[in-house]
Amino acid sequence: MGEEHLQLVILEEVREPEPPIRLSAGFYEPGSPAGVAAAVTSFDEVVVAIGAPLGEPGHGRPQRVADELLRSRGVRPAAASEAALALRHGLPGLASFEPDSDEVQGPVPEGAFSSGPLIETNPDAVFCTLQGARLPAKRHPHGMRLRVRELLDDHVDDAGGGLWDRRTEEIDAAAAALCAHRYAVGHASWLGDAVEGVIVLPGTSIPERFETEGVLAPVERLRLPEP
């Protein structure tokens, strides 16, 4: 089995005389953790979001508090990734965001990125938070349609081909990059136990539950005859 590859997307602000601020996206070829780390560290200033768990459960718990809080909202936690952990270890110069709080969720303080430029996020939860609803799975055509439209609505500009032509992994990586941008501008929230590692999501608050009602249009399905 070959080494697991990672997908890197960078976003840079494009400021114009009139709002909104556009976010120019750069999509890299999938690569090794070392290759992604080399690309990230080639920039003078970065804020990095990794879309996979970076911590482990504490106090004998079967799963982290952050993952339990995601499940309670209707979002499946991301699977553990050795490549993501290797990327984290390949960025020793970037400190992780650690909330100074005994709570299990809260808003990201202004300027937090300056001392903690690296965060963990969850791409599916990013999209659910931005939409305020639980999105269909990525295997569902409408699920991908909603994800791409959300990036377009957030003024993510893909000059390298167009978001509609991107792979699922690239769309997920773009969501992580968008979350990193929201974190950098102080428009993000976190949830979890600081000792285990927290998940950062866009927005000044996170809904207590992502509902599915109205997300999918009703369609007819014919009943099979009884055998």
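Examine the range 53-69 for a residue that is modelled with pLDDT of 95 or more, basic (K, R) and closer than 18 Å to S189 by Cα, and state whether such a residue exists.
For the range 53-69, residues modelled with pLDDT of 95 or more, basic (K, R) and closer than 18 Å to S189 by Cα: present.
Of the residues in the range 191-227, how many are surrounded by 19 or more Cβ atoms within 10 Å (Cβ to Cβ) and within 29 Å of R149 (Cβ to Cβ)?
9
With the requirement that a residue be among the acidic types (D, E) and over 20 Å from E103 (Cβ atoms), what does the range 53-70 give you?
As a first pass, look at the range 53-70 and keep what is among the acidic types (D, E): 56, 67-68.
The one that is among the acidic types (D, E) and over 20 Å from E103 (Cβ atoms): E56.
Would you check which residues across the range 89-109 are within 15 Å of I206 (Cβ to Cβ), out of contact with any Gly (no Cβ under 9 Å at 6 or more places or on another chain) and touching a residue at least 40 places away in the same chain (Cβ under 8 Å) and list them?
Residues satisfying the conditions are S101, G106.
Tell me whether the range 170-181 contains one or more residues that are acidic (D, E), in contact with a helix residue (DSSP H, G or I) (Cβ under 7 Å, 6 or more places away or on another chain) and within 21 Å of P107 (Cβ to Cβ).
First, pick out the residues of the range 170-181 that are acidic (D, E): 170, 172.
Applying the additional criterion that residues be in contact with a helix residue (DSSP H, G or I) (Cβ under 7 Å, 6 or more places away or on another chain) yields 172.
Subset that is within 21 Å of P107 (Cβ to Cβ): none.
No.
Let me spell it out: the conditions are (1) over 20 Å from G74 (Cβ atoms); (2) outside any helix (DSSP H, G or I), and L178 meets all of them except one. Which number is the exception?
(2)
Pick out the one residue from A112, A86, A133 that is under 18 Å from G186 (Cα atoms) and more than 15 Å from the chain's Cα centre (by Cα).
From the options A112, A86, A133, the qualifying one is A112.
What residue, among those in the range 164-184 that are without any contact (Cβ under 8 Å) to a residue 60 or more places away in the chain and buried (at least 20 other Cβ atoms within 10 Å of the Cβ), is farthest from A52 (Cα to Cα)?
For the range 164-184, the residue satisfying everything is R182.
Does V40 satisfy being in a loop (DSSP other than H, G, I, E, B), buried (at least 17 other Cβ atoms within 10 Å of the Cβ), in contact (Cβ under 8 Å) with a residue 40 or more places away in the chain and among the β-branched types (V, I, T)?
In short, no.
Against the definition (in contact (Cβ under 8 Å) with a residue 40 or more places away in the chain, surrounded by fewer than 13 Cβ atoms within 10 Å (Cβ to Cβ) and either β-branched (V, I, T) or assigned to a loop (DSSP other than H, G, I, E, B) (or both)), how does A159 come out, yes or no?
So A159 fits the description; yes.
Which number in (1) under 20 Å from A180 (Cα atoms); (2) crowded, with 16+ Cβ neighbours inside 10 Å marks the one condition that V65 misses?
(1)
The values are calculated or read from the model by the stated rules, or taken from the named source; none is laboratory data. Model, not experiment: these values are computed from the prediction. Methodologically, a virtual Cβ is constructed for each residue, glycine included, from the backbone with ideal geometry; neighbour enumeration extends over all protein chains shown.
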